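Q: Here you go, one structure.
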Amino acid sequence: MSELIVTTDGPVLRVVFNRPAQHNALTWAMWDGLHDACERADADPGIKLLTISGAGGRAFVAGTDIAQFAAFTDGEDGVAYERKVERIVGRLERVKVPTLAVVQGYCVGAGLIVAAACDLRLSVPGSRFGVPIARTLGNCLSMNTYSLLVHHLGPARTLDMLLRARMFTAEEAHAAGFVGEVCEPEDLAARQAETEERLLSHAPLSMWAAKEAVRRLRVANVPDGDDIVATVFGSDDFHAAVPAFLTKQQPTWQGH
């Protein structure tokens with residue numbers, strides 16, 4: 001079965017991350033498939049809405065598949081990875097039609113970034129949101145991704161999430177304004193349908209203008225951060241933490 005399921009449902013293009021046994025952790029192919037889905041949404045004039053969700057009910061996406069990091073040899077591999085993420089996340093932000101993330105369960109690491117790049121987010125109470133890399137891999141994010149988190153959460157909440165490796169509850173994410181609505185699991189399908197119906201009834205150009213204006217405001221002053229990424233991904237800490245994570249051991253941080 002495909003790791004990424006992309007289907008059309010009338011005017012809605014639905015993307016489902018489909019690795020439930022791995023909490024829908026993203027492979028390189030899934031990242032590429034998400035980019036292709038964005039291209040498809042803009043190429044088909046019949047598509048008026050893009051929705052993204054995760055299969056299985058336990059996770060939206062629980063990060064990028066960590067096993068893929070085992071092949072990284074130096075900081076430049078990290079720079080290339082973060083540029084890939086930035087390119088695909090940027091493409092998702094630029095989709096012309098509204099984008100809706102429907103979150104159940106873990107929305108972590110790359111999953112949080114994908115959800116943040118969408119225009120709207122729905123969640124259930126048991127979901128968890130975070131980027132616990134200070135506790136797990138000792139890696140970092142791109143400057144664009146830091147900007148995206150600060151844009152949604154503000155600098156204080158972003159640092160609280162990242163430095164303490166905190167997992168925000170759905171209620172905390174809602175209070176921060178990141179999640180638009182939290183509803184019980186049995187009500188999620190109905191609330192999603194109502195949200196989709198409302199978006200499909202609104203003026204497409206008005207919605208595009210709003211989302212594009214907000215995107216331009218966010219990216220207007222994003223500085224370069226490749227030196228930060230190269231330093232962290234090239235560190236001894238990161239290269240020791242990846243195999244430790246895969247063997248379920250606690251890394252010992254050296255700070256270099």
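Taken together, the values in this text are just the output of simple stated rules run on the coordinates, not laboratory data. The structure displayed is predicted, hence computed values, not measured ones. No Cβ is skipped: glycine too gets one built from the backbone with ideal geometry, and neighbour counts run over all protein chains shown.
Q: Using the Cβ atoms and a cut-off under 15 Å, what net charge is assigned to the surroundings of R94, where Lys and Arg are +1 and Asp and Glu are -1?
A: That works out to +1.
Q: Pairs on different chains or at least eight residues apart, Cα atoms closer than 25 Å: how many lysine pairs in the chain fit?
A: Eligible lysine pairs with Cα atoms under 25 Å apart amount to 5.
Q: Can you check what the net charge comes to around V15, using other residues whose Cβ is under 13 Å from the Cβ of V15 (Lys, Arg +1; Asp, Glu -1)?
A: Combined, the nearby Lys, Arg, Asp and Glu give -2.
Q: Oh, and also: Excluding L153 itself, what net charge comes from residues whose Cβ is under 12 Å from its Cβ, given Lys and Arg +1 and Asp and Glu -1?
A: So the surrounding residues net to 0.
Q: Here's a follow-up. Please work out the Kirkwood hydrodynamic radius for the stretch 1-150, using every pair of different C-alpha atoms, and report it in angstroms with one decimal place.
A: Values: mean 1/r = 0.0646 Å⁻¹.
This gives a value of 15.5 Å.
Q: Over the Cα atoms of the stretch 15-89, how large are the radius of gyration and the largest Cα-Cα distance (Dmax), in Å?
A: Rg then Dmax for the stretch 15-89, in Å: 14.0, 44.
Q: Helix 28-43 versus the longest principal axis of the chain: what is the Cα-based angle in degrees, 0 to 90, to the nearest 10?
A: For 28-43 against the chain, the angle is about 30 degrees.
Q: Would you mind ranking C118, C140 so that the residue whose beta carbon has the fewest other beta carbons within 10 Å leads the list?
A: In increasing order of surrounding Cβ atoms, one gets C118, C140.
Q: Continuing with the same structure: Give me the percent relative contact order of the stretch 1-149, please, defined on Cα pairs under 8 angstrom at least 6 residues apart.
A: Details: 271 pairs, mean separation 33.7, N = 149.
Relative contact order comes out at 23 percent.
Q: Can you tell me the relative contact order of the chain? Whole percent, Cα pairs under 8 Å, sequence separation 6 or more.
A: 20 percent
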